[in-house]
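Please read the structure below before turning to the comments.
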Amino acid sequence: MFQKILLKIFFILIIPILLFSDNIPTTPIKLLIKEVTPTTVAVEPTPVEESINAPIAQKIEDQIAAQTQLINDVIDNINNESYLTSLPDKTYYENEILFLNNRINANNIQNNSIAIKRDELRVAYLKEKSAYETTLKDIIIGKQEFRNKKYFEDTLLDNIRLIQNFKLDDYTLIYESESKNSTNKVSSDFVNNYIDLYNQKHTQLFVLQYLYTNMQKIRTSNFFIDEFNLKYMINKIDNIRGISFLSSLTSYHLNFSIGEAVVVLFIILFFRLINKYVIALIANFISRIFIKEETADEESVIFYLKDAINSPLIYSLYLLSIQLSLFILIKDQTLLNHIIPWINTMYMALLTWAIYSILNNSITIYAQNLLEKYQNVRKEMIVFILKIIKVLLILVVILFLFTQLGIDVKAIAASLGVGGIAIALAAKDTLANFFASLNIMTDNSFSQGDWIKTKDFEGTVVDIRMRTTRIRTFDNAMITVPNSQIANAHILNWSKRVIGRRIKMSIGVSYENKMKDIINLKNDIFDMLLSHPKIATNHNINISQTKAFEAIKREDLYGIKNTLLVFIDEFDASSINILVYCFSKSPVWEEWLDTKQDVMIGIAKLVEKNNCEFAYPTQTIFMKQDGKIEENI
């Protein structure tokens with residue numbers, strides 16, 4: 001009885017100590033011994049493989065010493081990070097596996113079952129070896145990135161499960177039968193591949209399980225990395241006396257604990273404070289990154305960049321707080337998996353919003369200088385390109401959402417190709433308007449801000465969009481016209497003139513005035529207009545000399561008129577008319593009215609100076625009575 005009690009105490013106390021001891025197990029790994037024969041697929045040995053496939057000692061003590069050395073070598077190579085450079089790349093194994101899979105397909109056609117099994121073992125050997133070496137590299141990278149303990153545990157367990165998933169027992173019977181057929185090369189290769197895979201599986205499991213249970217040998221424990229996280233804070237709050245009971249009630253009835261609610265409120269408050277006090281500093285810092293050199297417009301550039309970055313950055317932080325809160329409050333992983341793609345898409349949308357805002361504000365800053373430097377660049381063309389970029393960015397966000405939801409974008413593209421004719425027919429008017437907008441841009445028949453007139457409307461061009469053009473009428477109404485309609489219309493553009501807006505008037509002087517005075521009046525009007533600073537004449541407007549042959553006269557192309565005509569024009573019913581025909585320098589309506597007013601005042605003064613009078617409609621009636629003619633006016 002006493003011996004049974006001691007035996008139970010031994011199993012309860014001693015066995016766990018042995019299992020979780022830092023010492024390397026003293027039980028040797030059971031490995032198979034094989035004869036050294038060349039394999040069909042040559043793979044260069046790596047440092048890890050050399051340790052695994054080392055000659056198997058006959059004595060147990062030597063075998064334990066060898067596996068102890070193997071563990072020490074693995075730990076040393078992890079700690080000094082030599083595996084990152086000494087181990088081959090994954091593509092090396094992928095090429096070998098591709099070759100073996102092709103050979104399996106060929107042997108499958110020939111029904112060479114043993115050759116197929118041989119290559120299947122070799123493929124499994126290479127896959128496990130590649131995964132094992134990737135795990136060792138991931139451990140080193142995880143140390144460099146200060147990953148928490150759970151990351152290393154998951155990495156090691158994933159590799160252990162991968163090794164255990166391949167059932168070597170399915171090949172054991174074939175191995176036992178083929179090991180007796182040593183003369184057949186295919187059988188011999190099968191046996192060697194079986195032994196290699198068997199020994200590798202057991203050795204890798206031994207190393208991975210040891211690293212899992214003795215993780216402190218490859219990474220030092222850190223409270224702030226391993227333990228101090230949101231879960232830790234929630235547990236601490238829920239375990240406070242007086243709160244634990246309420247937390248259990250809310251967890252049962254409301255599906256969240258007091259600790260989770262407090263942490264969520266803390267997260268929201270924290271990001272609210274960041275948005276209120278820190279966001280301006282972050283935006284200012286980012287804008288300073290873009291501006292390397294001091295310029296005259298530095299303040300305006302910083303203002304516009306901060307304005308572009310500010311809103312997307314604020315909403316990104318709010319979205320991050322919502323995401324963290326959802327991770328805390330939602331326990332259903334399936335529901336989270338459905339929510340995460342939409343959150344990622346929102347991040348992508350905010351990023352594209354920031355990019356578009358920076359681009360838009362940059363155009364606001366530099367577009368005017370660009371237009372002044374390059375006369376051929378049109379403002380509406382810049383706006384049009386900006387709208388196309390906006391549409392493309394929206395399409396990028398939509399495609400990103402499709403990929404996040406697992407929708408096959410290639411299949412959608414293929415379906416669009418098949419239904420392209422139907423889509424083109426359905427969107428015929430939209431496409432016609434879009435290409436009409438391109439025609440308007442390239443033809444330069446009118447620009448943004450021009451005063452145009454057609455048979456249907458008259459007004460100022462507000463903007464030229466991808467489908468329509470908007471016109472502001474002179475009674476302040478807005479007209480939206482499809483581009484296809486306006487592109488085919490007869491357009492009278494009053495703004496396509498650089499110099500010269502016509503002033504035409506007929507000045508009637510009375511028949512009682514002497515012709516000499518009328519001629520003097522005509523000459524004085526001409527001299528007054530010729531010297532007037534706001535009237536376009538040959539004296540103040542220089543038109544460049546044209547070539548001998550020129551397809552288009554430049555003054556007609558650009559809209560330059562400086563004609564000045566003053567002549568006695570006609571004998572009207574009650575006046576002698578003087579024709580005044582000239583052009584103001586400015587085509588602007590308000591300035592034209594001011595110039596015209598000034599000319600009319602000057603003409604009135606000249607009429608008075610030359611002893612002339614303006615004629616007004618009169619009628620003279622001659623009546624014949626008793627042989628006499630009486631004149632009545």
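Here, each number is a calculation from the coordinates, and none is a lab measurement. Keep in mind the model is a prediction, meaning the values are calculated, not measured. Please note: Cβ atoms are built from the backbone with ideal geometry, for glycine as well, and neighbour counts cover all protein chains shown.
Once you have a ≥ b ≥ c as the square roots of the Cα gyration tensor eigenvalues for the stretch 430-493, tell me rounded if a/c is under 1.5, and otherwise prolate or oblate according to whether a/b is larger than b/c. Taking the square roots of the gyration eigenvalues as a ≥ b ≥ c, the stretch 430-493 is prolate.
Going by how many other beta carbons lie within 10 Å of each one, how would you line up THR250, THR563, THR220, fewest first? It would help to have the intermediate numbers written out before the result.
Values: THR250 16, THR563 12, THR220 9.
Arranged by neighbour count, lowest to highest, THR250, THR563, THR220 become THR220, THR563, THR250.
For the stretch 430-493, relative contact order (Cα pairs under 8 Å, six or more residues apart, normalised by length) works out to 34 percent. Considering only C-alpha atoms, what is the centroid distance from the stretch 586-623 to the stretch 466-531, in Å? Each part's Cα centre sits 18 Å from the other's. Listed cross-link partners LYS143/LYS201; LYS428/LYS496; LYS143/LYS236; LYS149/LYS236 are compared with a 30 Å cut-off, the Cα-Cα value being larger for LYS428/LYS496. Distance between the pseudo-spin-label points of SER177 and ILE621 (7 Å out from Cα toward the beta carbon): 14.1 nm.
Using the Cβ-Cβ distance between ASP62 and THR213 with R0 set to 30 Å, the FRET efficiency works out to roughly 0.80.
Which entries in LYS129/LYS185; LYS117/LYS185; LYS455/LYS504; LYS522/LYS605; LYS90/LYS150 show an alpha-carbon gap greater than 19 Å?
Details: LYS129/LYS185 24 Å; LYS117/LYS185 14 Å; LYS455/LYS504 24 Å; LYS522/LYS605 13 Å; LYS90/LYS150 25 Å.
Result: LYS129/LYS185; LYS455/LYS504; LYS90/LYS150 exceed 19 Å.
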